[in-house]
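Mind having a look at this structure? Questions to follow.
Please treat every number below as a calculation from the coordinates, not as lab data. The shown structure was predicted, so the numbers you read here are calculated from the model rather than taken from an experiment. In this analysis, Cβ positions are derived from the backbone assuming ideal geometry, glycine residues included, and neighbour counts consider all displayed protein chains.
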Amino acid sequence: MNPDKKIYLDYNSTTPVDPGVLEEMLPYFTEKFGNASSISHAFGWEAEEAVDIAREQIANLIGASATEITFTSGATEAINIALRGLSKAHRDNGNHIITCATEHKAVLDTCESLEQEGFEVTYLPVDESGMINLNELHSAIRNETILVTLMHANNEIATIHPLKEISKITRENSIPLMSDATQSVGKIPVDVKDLGVDIMTFSSHKMYGPKGAGALYLNKDNKPDISPFITGGGQEKGVRPGTLNVPAIVGFGKACELCSNKMEEDSERLSLLREKLEKELLEMDGVELNGTAENRLPYMTNISFQNIDNTYMIRRLKNLAVSQGSACTSSTHKPSHVLKAIGLSNELALSSIRIGLGRFTTEEEIKTAISTIKEVIPRLKLSMQ
């Protein structure tokens with residue numbers, strides 16, 4: 001392999017658009033450019049039909065019906081619509097929300113904002129693997145609890161929460177369960193009915209679709225009351241008004257269809273590549289796996305290198321695209337809140353990197369990544385002595 005070739009290993013932050021997705025999208029920029037809300041002529045009908053097909057493709061991927069899918073600009077907007085909308089709608093019934101210390105900042109920052117508006121939030125701790133204690137969840141529920149929101153799979157350490165068991169607790173207490181499934185949908189099997197989730201959020205660009213498209217799932221059988229906080233136009237049943245991004249939605253739908261077809265193959269291949277990567281790196285002195293080797297996503301790992309500053313390490317890795325953690329917070333040189341929550345010291349958290357594999361990752365790229373890291377780490381240790 002060309003030593004100067006850039007190798008992308010940050011598939012958790014975003015993914016390249018699959019060529020099949022791009023091909024599906026292109027006509028909707030030029031030839032089929034109608035507004036899906038223009039129901040008085042053929043251009044609008046064509047766009048509306050494309051949106052309907054995409055809605056069905058997305059619903060099929062998560063075991064939902066098309067009427068349960070609301071389009072958004074991404075998972076962050078979907079999270080805000082759900083959290084703020086439900087809190088506003090249920091304010092007279094209660095003001096308490098339960099979440100987790102390792103949630104994505106889209107959830108944590110929105111909860112913090114709601115606290116400033118008078119809501120109370122319980123942030124459940126996690127163990128060293130990133131799992132919550134279900135007894136602690138049960139104990140945290142109050143008469144005033146209006147929502148439990150827990151991510152499906154963690155975006156930094158890959159731990160998968162047992163949503164099916166969690167939903168039994170929330171259903172017994174008649175509390176809606178919301179889940180940020182941005183990292184899991186399209187990567188592992190997700191069936192919202194089997195999991196018992198009432199609200200789910202996810203995004204196109206994490207699964208080889210375009211940026212600028214996301215989805216909000218609302219269970220029609222146990223439909224949570226959501227008060228819209230954006231008004232104007234009435235699109236998406238008033239939950240998220242605004243002209244639909246038809247090309248991105250078409251691409252999102254196609255991406256979901258491809259993920260459904262390729263998921264098993266991708267998961268098996270990437271698990272083997274990750275296993276090879278971890279085996280080689282964990283044989284080095286002072287290298288540790290963060291989180292758990294069990295019950296996690298198949299395509300990512302988080303590893304710490306003792307006494308190595310991850311900022312310097314990433315710079316030295318040059319052509320390897322890896323990250324310090326979540327793409328939303330990696331611009332600040334602070335210890336990851338996720339790694340802190342699972343018990344890492346500031347020093348160890350700041351010596352950790354996240355490596356994300358994806359559909360276009362090759363075995364040759366993983367071999368190069370291993371050899372590059374093994375070459376860089378000893379040199380860094382010498383230079384920092």
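For 10, 221, which order do you get if you count the other beta carbons within 10 Å of each Cβ and list the fewest first?
221, 10
For the pairs 211/262; 164/223; 88/334; 279/381; 6/374; 105/187, note any where the Cα-Cα span goes beyond 23 Å.
Violating the 23 Å limit, Cα to Cα: 88/334.
Skipping prolines and chain starts, which residues have an amide H placed within reach, meaning under 5 Å, of the one on residue 122, given they are 5 or more residues away or on another chain?
Amide H to amide H, under 5 Å and 5 or more residues apart or across chains, residue 122 pairs with 97, 98, 99.
Which chymotrypsin sites (Phe, Trp or Tyr not before Pro) in segment 28-63 pass both tests, a DSSP loop state and at most 16 other beta-carbon atoms within 10 Å?
Sparse-neighbourhood loop chymotrypsin sites (Phe, Trp or Tyr not before Pro): 33.
Restricting to bridges with both residues inside segment 19-257, how much of the DSSP beta-bridge set is antiparallel, in percent to the nearest 5?
If we restrict to bridges inside segment 19-257, about 40 percent are antiparallel.
Next question. Among 369, 140, 349, which one shows the biggest mean-square fluctuation in a GNM of the chain, springs joining Cα atoms closer than 10 Å?
140
Same structure, new question: Which of the GluC sites (Glu not before Pro) across segment 241-306 are loop residues per DSSP, with 13 or fewer other Cβ within 10 Å?
283, 294
May I ask you to list the chymotrypsin sites (Phe, Trp or Tyr not before Pro) in segment 206-297 that are in a DSSP loop and have at most 15 other Cβ atoms within 10 Å of their Cβ?
229
Please build a GNM for the chain, connecting alpha carbons under 10 Å apart, and tell me which residue among 97, 69, 314 fluctuates the most.
Taking springs between Cα atoms under 10 Å, the residue moving most is 314.
Using alpha carbon centroids, what distance separates segment 132-190 and segment 1-73, in Å?
Using only Cα atoms, the two centres lie 28 Å from each other.
In whole Hz and in residue order, list the ³J(HN,Hα) couplings for segment 226-243 that follow from phi through the Karplus curve 6.51 cos²θ - 1.76 cosθ + 1.60, θ = phi - 60°; x for Gly and Pro.
10, 8, x, 10, 10, 10, x, x, x, 4, 6, 6, x, 5, 9, x, x, 4
About the Cα centre of segment 19-257, what is the dipole size in debye to 20, counting +1 per Lys and Arg Cβ and -1 per Asp and Glu Cβ, all else neutral?
Using Cβ point charges on Lys, Arg, Asp and Glu, segment 19-257 gives about 220 debye.
What does the highest-first list of 351-357, 303-309, 145-151 look like by mean Cβ count within 10 Å?
Ranked from most to least packed, the peptides come out as 351-357, 145-151, 303-309.
Another question, then. For the chain, modelled as a Gaussian network with Cα springs under 10 Å, which listed residue fluctuates most, 57, 183, 116?
Largest GNM mean-square fluctuation: 116.
Working from Cα positions, state the angle (0 to 90°, nearest 10) between the long axis of helix 363-383 and the longest principal axis of the chain.
Its long axis makes an angle of about 60 degrees.
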